[in-house]
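Written out below as structure tokens is the structure these notes cover.
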Amino acid sequence: MKINHPLLGPRDASEFVYLGDANLINRPNAKSETAAQEFYDYQYLRTNNPGEHKELWFHEQGDRSWLVVTRNTLTHEIKNVELARNIARARS
Amino acid sequence: MSLVDQSRVLNFTFDGKNYQGFHGDTLASALLRNKVSLVGRSFKYHRPRGIMGAGSEEPNGLVEIHKGKVCEPNRRATTVKLFDGLEAKSQNRFPSLKYDLLSVNDLFSPFFAAGFYYKTFMWPRSFWEKVYEPAIRRAAGLGRLSHAADPDQYDKGFLFCDLLVIGAGPAGLWAALNAGRAGKQVILADEDFHMGGRILSDNPEIAALSGHEWVAQILAELSALANVRLMPRTTIYGVFDHGIYGALETKTDEIGGANTRQVLWKINAERSILAAGATERPIAFANNDRPGVMLASAVRTYANRFGVTCGSNIAVFTNNNSGLETNAAHIIDTRQAHYVSDTMGRHRIKALRLVSGEKIRTDCLAVSGGWNPNLHLTCHKRGRPVWDDALACFKPDPKNLPEGMSVIGAANGSFSTIGAFRDAQNVLMDDQIKCEKPPNVDHIDYEVSAFWHVKSKKRAWVDFQNDVTAKDIELAHQEGFSSVEHVKRYTTLGMATDQGRTSNVVGLAVLAEATGQSIPQTGTTIFRPPYTPIPLGALAGRHKGQDFKPVRQTPSHDFAQEQGATFVESGYWKRAQWIARKGEKGWRDSVDREVLMTRNSVGVCDVSTLGKIDVQGRDAGKFLNKVYVNTFSTLKVGRCRYGLMLREDGMAMDDGTCARFSDTHFVMTTTTANAGRVFRHLEFCRQCLWPEMDVHLISTTEQWAQYAVAGPNSRKLLEKIVDPAFDISNENFPYMGCQELTICGGVRARLFRLSFSGELAYEIAVPTRYGDSLIRTLMKAGEEFEVVLYGLEALGVMRIEKGHPAGNELNGQTTAANLGLSGFVSKKKDCIGKVLSQREGLAAQDGLALVGFIPAHSGGKITNGAHFVEKGAKAIPENDLGYMTSVAWSPMLNSYIGIGFLKDGKNRLGQIIEAKDYVRNNHLEVEVVSPHFFDPEGGRLRG
């Protein structure tokens, strides 16, 4: 596989480390009344739908960017690659 | 005119006998040149076998290549390029190829039909493992490994191109030439050592030249193009995601030569053109496996390319017009209702019989059952081929090809030379690449009439390599295996090293006949990588022996080696485990001495392998509050603090110390094992969770050499090397202090007053380039104190004596509460893992707690991994009270000591329980004690 790094261009997948669902960016608020349930959902529950999947990859053998990769889990087609930092910033 | 150079004679041996071939020969062509028709014995029945094909599809001609003790089994003689001194041996025979004892299997063949093993070796059950399996394993298998180390060197590499052309027959050559002329970056790969494909074999007239001359002319032009890379002997073995192709390039077949033998390439191609040609298939008829029965295309290859005639009286048995191109004395054409019913001859065909009863004398029967496109690579991304009735073969599905791939020529079912050229032209024009009008060539259309199997009571081979006959397939069907996937597994059809290159479609057709269905109704064949077998050596590349993985050496490695250190692997690191002195009888002697010398005076240990992460920024303190359970924003400049990190699920991830050098600058240490993981985690926190914070991270593990200097004389030793401008007295540099200073007259250093050993202790760090010099300076300066260099074992003993948790305790299943560190968890702030660590099951008051253990009776030996039960209780999971994590012999206490996790441990101090170790069969009573065995008040480290 190749991942089209937004800053560095296409790089071989072997340079990256995979983490998992990109929803891990959305860490719940610990002060919420339902924090225990929210953290449980955040930590353990995934929908695992086949098809398009947003996921986190770390460019460990590269510039250390965390990326959000939109990959089709059925075809491995990669539709979009974004800096996780930009997504996290837009959220807050 | 053949393509071998008769002026360059090459000597080789086969089964110990000397032969000569020519430069340009394969081992197969050289054997045929020497009239060697018997080259091996078949897998199951040990039938005599000869060369059948001329390329990588060869099912019969498997040989061993030898050099000294090294042997490479299962090499196809048709793809081994002959070299001087080649030693080859036949396989699967004993005592000799001509007189093989196991050929008795052939007489018992009625018993060895499909499913024989399943039906026969059923009872008694106790015989499965002890009798049947060893006996079957001895008889089974093709080829034998020599068990000698592979002496060769293999490499790996990456290549990039606009266009990858796979196969250098007429279609591939024409596509590569025109794309190359248009300036594209082209790679042309072909598995053969001579490019040209079937043109070399059939030598048709092209553009008023002989085929051989035309190929030479095209190759000369391609070689002159700087943007074209020609890769002969390179098999594209797999298609992977995003335009990545796996390729195996063979540089030489010679074992143990001076140069790299094979290179495994990862080719990144924007576009690819598959022009892999087609493979001729046999027809199933009785005794169609005798030496001398060959594929018609192979007979022409040996004649035209190698100048070898495969017989003096050749007969052709064909169902299509390509077979008729073979120079033969007899033509048996199924389209005229002529069929071969049987063959005769022991070690070689002598005659054949027709269904009409007529007997024809022949020494070579050239068979053509039609052609199968080599569409394997089109299936590697789940593409399924489609059946073409007119061509009687599967073709690639143009709607379902790997991204960026086009298929042309015979691989696409265009079985004529002109068709190959036109396909190439069409694909290039679709890509807006200018393509010259194809050269003039005779136009012959391929005509085939599907015919697969001459029915007979005798055995007719379908899969030659796995000895599967038409009867086996029919039997499988009778027994209810009607799905092609089941038939394959029951009969082993197509499951040999050739992956059914010549047998799959014929087998499918025989099954279709048996089921009364059409071939597409019966099923299809799909192919997975690799196209041809890849040696494990090539997959390993240079990663073998000491290069299997990288080696990281500590800054004091050379010094420790000079002192006679024994090293232990810790990840990629090599760390000194202990440093033996003369007269010491075992490792324990050395470790005990290192501990005692350190505790009595001073010792030095290399701790550079601990992960070091530089944390800087206005929000650095705030950031550390988020990742550690305890608070760091309040840490004063010039101070260190112990920190514990959790995973988000509440389990302990790592621990270490963190020092503050300024308002905006912290230096964190991690355990050796988790250095990479913690850094990745911190980057995740920084980029994904708190991107608004002003904080920056960089790993400085390799930039600093760091030594622990421990023991009552450690300050005195350091005072000798720290520059006088800096005060490290107890008053001005207390426990948990840190400062930047200079040593040895101006060398920049960092000094931390940290203690893992429980002694008055420091860690001193200098830029790595001074590491070797610093260890020598410390050891020299410490001579007056009898300073000792201590290793990882002594470090471990001292930390167990102090009850400090390490890797064995931070095992991914323990919480802050288990570790006795719940007091560290700040109540005032959120941090990673805090919410989930408060879950009921993890925060239970009577949960596992870290405590210490000593043998209840003197002389007992504690072992780690032991599980605890109440005295007299049975060692069953219901009674489990916890487990021992770390043990050591304590020279200070003169006893074995251990730490571990015990249910409600803090309330059990003083109790006697049992430690059960069924791995070592070591069971003993232990007393539960505080984990702080030595100097529990900590007076020594503050002194």
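The values are calculated or read from the model by the stated rules, or taken from the named source; none is laboratory data. On a predicted model such as this, the values are computed, not experimentally measured, just so you know. We place every Cβ from the backbone using ideal geometry, glycine too, and count neighbours over all the protein chains shown. Quick note on the areas: whole protein, heavy atoms, side chains included, nothing else; ligands and nucleic acids left out. Shrake-Rupley method; radii C 1.70, N 1.55, O 1.52, S 1.80 Å.
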Quick count over the stretch B:483-520, residues being over 30 Å from the mean Cα position of the chain (by Cα), open to solvent by 60 Å² or more (accessible area, probe 1.4 Å) and not acidic (Asp, Glu), is 3
Counting only residues in the stretch A:1-36 that are at the interface with chain B (Cβ under 10 Å from one of its Cβ atoms) and among the polar types (S, T, N, Q), the one least open to solvent (accessible area, probe 1.4 Å) is identified as A:SER32
Any residue in the stretch B:269-290 that is within 14 Å of chain A (Cβ to nearest Cβ) and either crowded, with 17+ Cβ neighbours inside 10 Å or more than 41 Å from the chain's Cα centre (by Cα) (or both)? yes
How many residues of the stretch A:61-92 are within 10 Å of chain B (Cβ to nearest Cβ) and under 18 Å from B:LEU689 (Cβ atoms)? The answer is 15
Picked from the stretch B:844-866 (must be among the β-branched types (Val, Ile, Thr) and farther than 30 Å from B:LEU635 by Cα), the residue farthest from the other protein chains (Cβ to nearest Cβ) is B:ILE854
Checked the stretch B:886-935 for anything part of a strand (DSSP E or B), open to solvent by less than 30 Å² (accessible area, probe 1.4 Å) and among the aromatic types (Phe, Trp, Tyr); matches are B:PHE901
Looking for something under 47 Å from the mean Cα position of the chain (by Cα), open to solvent by 10 Å² or more (accessible area, probe 1.4 Å) and free of Cβ contacts under 8 Å to residues at least 24 places away in the same chain - is there at least one such residue anywhere in the stretch B:326-346? no
Only unsatisfied item for B:CYS688, checking (1) assigned to a helix (DSSP H, G or I); (2) open to solvent by 20 Å² or more (accessible area, probe 1.4 Å); (3) farther than 26 Å from B:ARG942 by Cα, is (2)
Counting only residues that are aromatic (Phe, Trp, Tyr) and over 15 Å from B:ARG76 (Cα atoms), the stretch B:34-63 contains a total of 1
Conditions (1) surrounded by fewer than 21 Cβ atoms within 10 Å (Cβ to Cβ); (2) assigned to a loop (DSSP other than H, G, I, E, B); (3) without any contact (Cβ under 8 Å) to a residue 24 or more places away in the chain -> B:ASN426 fails only (2)
Within the stretch A:42-81, restricting to residues that are open to solvent by 60 Å² or more (accessible area, probe 1.4 Å) and charged (D, E, K, R), the one that is nearest to B:ARG686 (Cα to Cα) is A:ARG64
By residue number, the members of the stretch B:11-33 that are more than 27 Å from B:PRO204 (Cα to Cα) and open to solvent by 20 Å² or more (accessible area, probe 1.4 Å) are B:ASN11, B:THR13, B:ASP15, B:GLY16, B:LYS17, B:ASN18, B:TYR19, B:GLN20
Filtering the stretch A:37-47 for residues that are within 9 Å of chain B (Cβ to nearest Cβ) and in contact with a Gly (Cβ under 8 Å, 6 or more places away or on another chain) leaves a count of 0
Across (1) surrounded by fewer than 21 Cβ atoms within 10 Å (Cβ to Cβ); (2) charged (D, E, K, R); (3) under 30 Å from B:CYS161 (Cβ atoms), B:ASP253 clears everything bar (1)
query: Somewhere in the stretch B:613-627, is a residue assigned to a loop (DSSP other than H, G, I, E, B), open to solvent by less than 10 Å² (accessible area, probe 1.4 Å), touching a helix residue (DSSP H, G or I) at 6+ places or on another chain (Cβ under 7 Å) and on the phi < 0 side of the Ramachandran plot?
result: no
Taking the stretch B:614-641 and keeping residues in contact (Cβ under 8 Å) with a residue 60 or more places away in the chain, away from chain A (no Cβ under 14 Å) and among the basic types (Lys, Arg) leaves B:ARG618, B:LYS622, B:ARG639, B:ARG641
Here the qualifying pairs (Cβ atoms under 9 Å; residues six or more apart or on different chains; first in the stretch B:815-843 and more than 14 Å from chain A (Cβ to nearest Cβ); second of a type in the set (Asp, Glu)) come out as B:ASN818/B:GLU809; B:LEU819/B:ASP655; B:LEU819/B:GLU809; B:LEU821/B:ASP655
When every residue in the stretch B:784-837 that is part of a loop (DSSP other than H, G, I, E, B) and in the same structural domain as B:ARG599 (by TED's automatic domain parsing) is compared, the one surrounded by the most Cβ atoms within 10 Å (Cβ to Cβ) is B:TYR790
Residue pairs within 8 Å by beta carbon, gap of at least six or interchain, first lying in the stretch B:669-688 and under 25 Å from B:LEU751 (Cα atoms) and more than 14 Å from chain A (Cβ to nearest Cβ), second assigned to a helix (DSSP H, G or I) and among the hydrophobic types (A, V, I, L, M, F, W, C), listed first then second, are B:THR670/B:VAL678; B:THR670/B:PHE679
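With the requirement that a residue be within 14 Å of chain A (Cβ to nearest Cβ) and either part of a strand (DSSP E or B) or open to solvent by less than 10 Å² (accessible area, probe 1.4 Å) (or both), what does the stretch B:642-668 give you?
Within the stretch B:642-668, B:LEU646, B:GLY650, B:MET653 meet the criteria.
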Taking first residues from the stretch B:441-452 that are open to solvent by 100 Å² or more (accessible area, probe 1.4 Å) and second residues anywhere that are not β-branched (Val, Ile, Thr), the pairs with Cβ under 6 Å that are 6 or more apart or on different chains are B:GLU447/B:ASN321
